[in-house]
Amino acid sequence: MRQRQASQGTRRAREFEAFVAGASGRLLHTATLLTAEPPDDNPRARRLLTLALAHTYACWDRLRGEDPYDRARQYLALRFAHGAWRRHGVLLRGRGQPAGPLSRLAPQERLVLVLRLYEGVAEEQAAALLGLPTERVRTICDRATATLLHPPRGHAPTVVKAKVAAS
């Protein structure tokens, strides 16, 4: 009996290692996009990835045909949303200015944009995951896309006329 359990544990570990080898790069990139950190300096994204992989490993035996990547991505998104809510009181406010193209977006906008455009999650699935109406997810995605494509303009530069000395 113990030998059978040991072989199942070994098989489980090998399956999970293969999953991590194949999926961790993309999941890390997703986490980096969510946190809007630079790819070479992303401690929050790495922490999110570690938590998502630990959660996936903990429920590995209960997946029963479910895609482990979907489970890890779902946990990653929810953990990010929960952390943004806890830090800022609402998911809509941003934090300091991290470097990255998505840093202008609020955490909720980043989350919806990454799920919809980078991960290819359908509107209905993203809405169910986040507990939002489908129309709201569509609106958030459209607003975030518009913000990235058409950044707000700064103040117009002031034209200073040089005085010409009359001689």
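The values are calculated or read from the model by the stated rules, or taken from the named source; none is laboratory data. Because the structure is a prediction, the values reported are computed rather than measured. Here Cβ is always computed from backbone atoms with ideal geometry, including for glycine, and neighbour counts include all displayed protein chains. With ligands, DNA and RNA removed, areas are computed over all heavy atoms of the protein, side chains included. Shrake-Rupley method; radii C 1.70, N 1.55, O 1.52, S 1.80 Å.
Before moving on, here are some points about what is shown:
- Positions within the range 122-143 being of a type in the set (Val, Ile, Thr) and free of Cβ contacts under 8 Å to residues at least 12 places away in the same chain, in sequence order: Thr134, Thr139
- Test: residue in the range 121-136 that is open to solvent by 90 Å² or more (accessible area, probe 1.4 Å), of a type outside the set (D, E, K, R), within 30 Å of Gly25 (Cβ to Cβ) and modelled with pLDDT under 95: no
- The single residue among Arg116, Arg143, Arg110 that is at pLDDT 75 or above, open to solvent by less than 20 Å² (accessible area, probe 1.4 Å) and basic (Lys, Arg) turns out to be Arg110.
- Any hit, the range 46-63, residues being open to solvent by less than 80 Å² (accessible area, probe 1.4 Å), assigned to a helix (DSSP H, G or I), without any contact (Cβ under 8 Å) to a residue 12 or more places away in the chain and not aliphatic (A, V, I, L, M): no
- Selection status of Glu37, farther than 19 Å from Arg116 by Cα and under 11 Å from the mean Cα position of the chain (by Cα): yes
- Residue that is nearest to Leu117 (Cα to Cα) [pool: residues in the range 138-153 that are of a type in the set (A, V, I, L, M, F, W, C) and within 18 Å of the chain's Cα centre (by Cα)]: Cys141
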